[in-house]
Structures are given as C-alpha cells and as structure tokens.
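The structure under discussion appears below in the form of structure tokens.
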Amino acid sequence: MKTMFRSVFLAIAIALLAGNGASAESGKPHRVVIQVDQNEADVMNLALNNARNLLDYYRDKNEDVDVEIVAYGPGLHMLRDDTSPVKDRIRELAALSFPSKVVFSACNNTKQGMEKREGHPITIIPQATIVPAGVVRIIELEEQGYSYVKP
C-alpha cells in the first residue's frame, strides 16, 4: 500500500513537472535580429515591416519580442541622419515598441570607412546605437539565441 501511494505521488509529481516544463517553454523569449546590408529603400522598408509585424503579432498574443536591426555596409544609410529614406518610420517604430523593443545598431567599421571616403563626420540617427562591427554583432546575437532574418 505504501509503495502504491509512493508510485501515485511520483506519477503526480512527474505530471506537474512536465506541465511546468511546457509552460516554461511557451514563456521562452522571442528574439530576432534583422540584417540590413543594402542601400535600397525597399529593403529597409521590408526590414521595418518585418519588425512591425513581429511586434504586432506577439503583442496580440500578450507576449514580448526583442528585435534588433543591424545595419552595415551600404545598409548603414538606413541609420544615417543625412541619407536615411526611412528615418521617420524608424522614429515611429521606436516610439511604439514598448514593452517589446526594437533596437537599431549601426556598424562603426562602416561608419569610419564612409567618413574617411567622404571626408566628413557622419551623424547616426538618435534611435540607433553604434556597435564596433555589424557582422560581429549579428554573430553575438545569434549566439544568445536570436533568430536571424535577412529581408
């Protein structure tokens, strides 16, 4: 009898742990990195559409999502204050992304190369953060479990 109660208790404990494991899995954070490496307004707008769609989808499910858009090479124009064709959309997206968030990362290697070629300092939009290297940033985010998207 004592063995039977122990077996039933063990079965209930396993069932409860399995249920908690399933709910912990559904609570897994959603994290996405989007690469922009082209100086094309269509690509930049597609990246912003992807980010907005992610925010809307997970907000409707009452879940958070962290999105980081990393711009480097010719794609850095997306985050340049003087050449960005999408800076108004970036400002709007950054303003409505709470509690989820959209982060914009600008490659410093690209920025320095552009400054050298153009002969003047380049200003990055205020919503963006400068990272040492765009490709390295993407690798680091993927190592942290971010899903990778290239529009």
Inset, instruction - Look through R80, R137 and report the one residue that is more than 17 Å from I34 (Cβ to Cβ) and surrounded by 19 or more Cβ atoms within 10 Å (Cβ to Cβ). - result: R80
Inset, instruction - Inspect region 115-135 for any residue being of a type outside the set (A, V, I, L, M), on the phi > 0 side of the Ramachandran plot and without any contact (Cβ under 8 Å) to a residue 24 or more places away in the chain and give the result as yes or no. - result: yes
Inset, instruction - Determine whether T110 is surrounded by fewer than 17 Cβ atoms within 10 Å (Cβ to Cβ), among the β-branched types (V, I, T) and modelled with pLDDT of 95 or more. - result: no
Legend entry - Extreme residue, surrounded by the most Cβ atoms within 10 Å (Cβ to Cβ), among residues of region 48-77 that are in contact with a helix residue (DSSP H, G or I) (Cβ under 7 Å, 6 or more places away or on another chain) and of a type in the set (D, E, K, R): E68
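The values are calculated or read from the model by the stated rules, or taken from the named source; none is laboratory data. As the structure is a prediction and not an experimental result, all values here were calculated from the model. Heads up, the Cβs are rebuilt from the backbone with ideal geometry, glycines too, and the neighbour counts pull from every protein chain shown.
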